[in-house]
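Peer 1: The structure's right below; bear with me while I get my questions together.
Read-outs: derived from the displayed coordinates by stated rules, not from any lab. Source: prediction; values computed, not measured. Methodologically, a virtual Cβ is constructed for each residue, glycine included, from the backbone with ideal geometry; neighbour enumeration extends over all protein chains shown.
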Amino acid sequence: MNNQHTPGETPQFSTELLASVSHEMRSPLTSIKGYAETLLRHEQRLAPAERHEFLLAIDDASNRLMLIIDRFFELSQLEAGTLPLVPNTIPMVPLVREAMHAIPQRCQGLSEPSAQADTACALHLEYSSVYADEEEPLMLGDRRRVREALDYVLENAVLYSPDTCTIDITVRPLTLVRDAQEFRKQLHAALLPQYGPSLFHAAQLNLPGIEIAIDDHGIGIADDHLAAIFERFYRVDTRLAREVNGLGLGLTMCKYIVEQHGGQIWVESQVDQGSVFHLWFPLYTPTEKEKLCQ
Ligand code: ADP
């Protein structure tokens, strides 16, 4: 799908955009209908193995369709701030490791069949020596959603890179100075009480946090598109982007999730050199809380 609008403009539901969205939904639906019709028409003549293959194809296309619909629904909840968050303390290093290991399988099926050939990306994780104990660092948030944010960025790193590529993931501590009011405004309602009101007396917060940098060596993004890639339905028109199935929603959803956890996301990129996406989350263990409230 390709929807282009001037960076900075709010994307309108143009005829072109609606056409692209319906195309994205029509293609799995066409598969489902085709396979189901064949099964109905030739049920008696098909060998059990063939019937099974057709059912698998129907199941696969239904999953793709469900994913698209789920993403639309989730985006509407994220925009309205009504996506429920289940707060917990999350050990971050194991979570990053888990997302990294799941990536090869997640990326299968996201590209057009012709582009799927031999995706063999090597992912390397490096984490700061201050995190010797893997149970640390801990952040406060919804594990499933934070994992989802990591998945979107990792998926893109693989999909917008050549078939054989290296992706470097670095996890390190980083303290950011944040405006207290802005931080409070972004934070999801479910997390606010856990931070406690005393935190917001200061105008600025010195927030100890964790930075996850995902560095690919892929196609990169031109400067004039960089700000717009976080807008919904925005896709940069490149040959590779045309081969990758996508709605232009992943980074929008990722930004919402990160910000509703009090975090930040930013990107540096150079065309043909690659991109580094930085995800930052405040750390919030009992010790951090004591330090913050002093
Ligand atoms: P989708 O991948 O579904 O198109 P996203 O919101 O995840 O949507 O990304 C928006 C656009 O940003 C992509 O279409 C692509 O053009 C660009 N993009 C995102 N991540 C990368 C990356 N790591 N390298 C190059 N381009 C990227």
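Peer 1: Which one, 255, 185, 33, has the greatest fluctuation when you compute a Gaussian network model over the chain with C-alpha springs under 10 angstrom?
Peer 2: 33
Peer 1: How far, in nm, would the chain grow between residue 66 and residue 136 when pulled straight, counting 0.36 nm per residue and subtracting the alpha carbon separation?
Peer 2: Result: 21.6 nm gained on full extension.
Peer 1: While we're on this one: How do 65, 46 rank when sorted from fewest to most other Cβ atoms within 10 Å of their own Cβ?
Peer 2: Ordered from fewest to most neighbouring Cβ atoms within 10 Å, 65, 46 come out as 46, 65.
Peer 1: So, one more: Counting only C-alpha contacts under 8 Å and six or more residues apart, can you give the relative contact order of the chain as a whole percent?
Peer 2: 22 percent
Peer 1: If I require 27 Å or longer along the helix axis, counting alpha carbons, and a Kyte-Doolittle average no lower than 0.0, what helices from the chain are left? Use full DSSP H segments.
Peer 2: 48-80
Peer 1: So what are the ³J(HN,Hα) numbers for segment 261-278, from phi and the Karplus equation (6.51, -1.76, 1.60; θ = phi - 60°), rounded to whole Hz, Gly and Pro as x?
Peer 2: Taking θ as phi minus 60°, the curve returns 9, x, x, 9, 10, 8, 9, 10, 7, 9, 4, 6, 10, x, 10, 10, 9, 10 Hz for segment 261-278.
Peer 1: Please give the net charge around residue 278, taking every other residue with its beta carbon less than 14 angstrom from that of residue 278, where Lys and Arg add +1 and Asp and Glu add -1.
Peer 2: Values: positive: 172, 255; negative: 168, 211, 215, 216, 259, 268.
So the surrounding residues net to -4.
Peer 1: Suppose R0 equals 25 Å. What FRET efficiency, 1/(1 + (r/R0)^6) with r the Cβ-Cβ distance, do residue 50 and residue 26 give to the nearest 0.05?
Peer 2: Calculated value: 0.50.
Peer 1: Further question: Could you give the length gained on full extension between residue 148 and residue 19, defined as 0.36 nm per residue of separation minus the Cα-Cα distance, in nm? Numbers along the way, then the final one.
Peer 2: Working: separation 129, 0.36 × 129 = 46.44 nm, distance 2.73 nm.
Net length gain for the segment: 43.7 nm.
Peer 1: I've got another one for you. Once phi is turned into θ = phi - 60°, what whole-Hz ³J(HN,Hα) does the Karplus curve with 6.51, -1.76 and 1.60 give for every residue of segment 174-189, x standing for Gly and Pro?
Peer 2: Values per residue, Gly and Pro as x: 8, 9, 10, 8, 10, 5, 4, 5, 5, 4, 5, 5, 6, 4, 5, 3 Hz.
Peer 1: Hey, another quick one. Could you give the radius of gyration (one decimal) and Dmax (whole number) of the Cα atoms in the chain, in Å?
Peer 2: 21.2, 76
Peer 1: Sticking with this one: Can you tell me the FRET efficiency between residue 270 and residue 126 if r is taken as the Cβ-Cβ distance and R0 is 22 Å, rounded to the nearest 0.05?
Peer 2: Computed FRET efficiency for residue 270 and residue 126 comes out at 0.55.
Peer 1: Note down the nm distance, to one decimal, between modelled labels 7 Å out along Cα→Cβ at residue 77 and at residue 105.
Peer 2: Going from the residue 77 label point to the residue 105 one covers 2.3 nm.
Peer 1: Specify whether the C-alpha gyration tensor of segment 52-187 places it in the rounded, prolate or oblate class, a ≥ b ≥ c being the square roots of the eigenvalues: rounded for a/c under 1.5, otherwise prolate if a/b is larger than b/c and oblate if not.
Peer 2: oblate
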